[in-house]
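Undergrad: What follows is a structure written as structure tokens; I'll ask about it next.
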Amino acid sequence: MAKHSVAMAKKRWLIMLAAFLSVSTVTVLLMRSNNSDSCNTNHFTIAQDNNQIRSPVQLTNAASSPLNFMKSKLVLMVSHELSLSGGPLLLMELAFLLRGVGSDVVWITNQKPSEHDQVIYSLESKMLDRGVQVLSAKGEKAIDTALKADMVILNTAVAGKWLDAVLKEKVAHVLPKVLWWIHEMRGHYFKVEYVKHLPFVAGAMIDSHTTAEIKMPETFVVHLGNSKELMEVAEDSVAKRVLREHVRESLGVRNDDLLFAIINSVSRGKGQDLFLHSFYESLQLIQEKKLQLPSLHAVVVGSDMNAQTKFEMELRKFVVEKKIQNHVHFVNKTLAVAPYLAAVDVLVQNSQARGECFGRITIEAMAFRLPVLGTAAGGTMEIVVNGTTGLLHPVGKEGVTPLAENIVKLASHVEKRLTMGKKGYERVKERFLEHHMSQRIALVLKEVLQKARQ
């Protein structure tokens, strides 16, 4: 009977795996990270400490949700775009959480391509199926909804363009009930025409304590949480084993090989180039020290050969020049990161400059009991406990050798790797789950509603 149950479970996860690996759309994993950005030091902190499958979460159990007070409230959500990147998907998650407690939610996408876009069509269909109304960004209906709404949530700094373009002289009537959810940190997102109204809104919500040099209103730090769906996979040993076996088979690596993965959109800011330099250096160190270790592999998830960007071509050229093709695997952008988190041994979060404002892939990896090798910058420092749940290294070229040494360190010490993974999982369970995020957001929404009434 037990064998039959395992076989059935394995069959179920094989079907899910097929669904995962058949998705060829742009990845969601790039989220809250694609634009890592603004977080001010003068803020009201909701976070609990000094802080794919990337599908939107299921409806909340309304009976126990901390968001119950939002029942029957009209919430207008304005996103600068609708894509599989982090910001829009995170706003969709909140939309579904609010629908789960009976809020009336209306969605506006400010920028849409003129031609048909399958991703936008699919995501809008998903929202409509969950009871979220979808409106055109312009027109009287958009203006009327903004004026009637109990709360307006602007998503990302760039969404500020919508205020003047659509509301015009009515902007002042709406600002007192605007919650501005900002996921960016880099200065070019904060052009005056985008954020000139930011000091006058009810509040700004950011993903970490990472600061930005910009005048902000009262700012709420809300650390993100893992969805129930992702945690279900992460805590299912049969699922993880099946996913691990099949992903490794597709990559052509053995079960006992060690896989270090970087899961982000391929771009210079995410540091894939420096990671590959570190990986190559780690292979050299292992050879020099004559260490007897399993074969090491680097997995770069988030590739896009269709775009053939100069940066990605540089990465592939480096791999060929160093003759490490058998150790480096490029995986195209994918909606499903869970199979890869189940298949690898260590996550590398190598975002550069100011780092990630949060970096949700980090807490997802920790849910899968993976240690994290991250840059000592941005939100990563609020997630990873250096020496306990992972190891941090400097940003820039100064971090190449320390990261290489950390790769060798975790490759050489199985017990340390497993212990860090276990500690990371415990940290996720303590503060980075969906219900933690809901509680933190609930406190923010209450504050904003109170201000809007005043």
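The values are calculated or read from the model by the stated rules, or taken from the named source; none is laboratory data. The structure displayed is predicted, hence computed values, not measured ones. Please note: Cβ atoms are built from the backbone with ideal geometry, for glycine as well, and neighbour counts cover all protein chains shown. Surface areas here come from the heavy atoms of the whole protein model, side chains and all, with no ligands, DNA or RNA. Shrake-Rupley method; radii C 1.70, N 1.55, O 1.52, S 1.80 Å.
Undergrad: If R0 is 41 Å, what FRET efficiency do you get for K71 and R254 from their C-beta distance, rounded to 0.05?
TA: Numbers: r = 53 Å, r/R0 = 1.30.
Taking R0 as 41 Å, the efficiency between K71 and R254 is 0.15.
Undergrad: Consider a paramagnetic label point 7 Å from the Cα of R453 along Cα→Cβ; state which residues of region 115-151 have an amide N under 17 Å from it.
TA: 149-151
Undergrad: Considering Cα pairs under 8 angstrom that are at least six residues apart, work out the relative contact order of region 228-432 and quote it in whole percent.
TA: Numbers: 349 pairs, mean separation 48.7, N = 205.
Dividing the mean separation by the residue count of region 228-432 yields 24 percent.
Undergrad: At a probe size of 1.4 Å, how large is the accessible area of S64, to the nearest 10 Å²?
TA: It works out to around 90 Å².
Undergrad: Using a 1.4 Å probe and ignoring any ligands, DNA or RNA, find the accessible area of M313 and quote it in Å² to the nearest 10.
TA: Result for M313: roughly 90 Å² accessible.
Undergrad: Also, I was wondering about something else. Check the straight Cα-Cα distances from K270 and name the aspartates and glutamates below 16 Å, setting aside those fewer than 8 residues away within the same chain.
TA: D37, E184, D304, E312, E314, E356, E398
Undergrad: Moving on. How much length, in nm to one decimal, is gained on full extension between E235 and E398, taken as 0.36 nm per residue of separation minus their Cα-Cα distance?
TA: My answer for the length gained is 55.0 nm.
Undergrad: Can you give me the C-alpha center-to-center distance between region 88-157 and region 296-310, rounded to a whole angstrom?
TA: Each part's Cα centre sits 32 Å from the other's.
Undergrad: Right, another one. Quick one: if the Förster radius is 51 Å, what FRET efficiency do D164 and Q292 give, using the C-beta to C-beta distance and rounding to 0.05?
TA: With R0 = 51 Å, the Cβ-Cβ based efficiency is 0.20.
Undergrad: Which residues' amide hydrogens lie under 5 Å from the amide hydrogen of L433, considering only partners 5 or more residues apart or on another chain, with H built in the peptide plane?
TA: Counting only residues 5 or more places away or on other chains, the set is N226.
Undergrad: Using a 7 Å offset from the Cα along the Cα-to-Cβ direction at both A376 and K228, what is the distance between the two label points in nm, to one decimal?
TA: So the two model labels end up 4.0 nm from each other.
Undergrad: Kindly sort M185, M381 by accessible area of their heavy atoms, largest first, with the probe set to 1.4 Å.
TA: Largest accessible area first, the residues go M381, M185.
Undergrad: Still on this structure, I have one more. Along the principal axes of its C-alpha atoms, what lengths does region 59-118 span, in descending order and rounded to whole Å?
TA: Sorted from largest, the Cα extents of region 59-118 read 42, 19, 16 Å.
Undergrad: Tell me which residues come under 5 Å, amide H to amide H, from I153 once H is placed; ignore anything under 5 positions away on its chain.
TA: L76, M77, V78, L179
Undergrad: Using the C-alpha atoms of region 228-432, what convex hull volume per residue, in cubic angstrom, is computed?
TA: Numbers: hull volume 23.2 nm³, N = 205.
So the per-residue Cα hull volume is 113 Å³.
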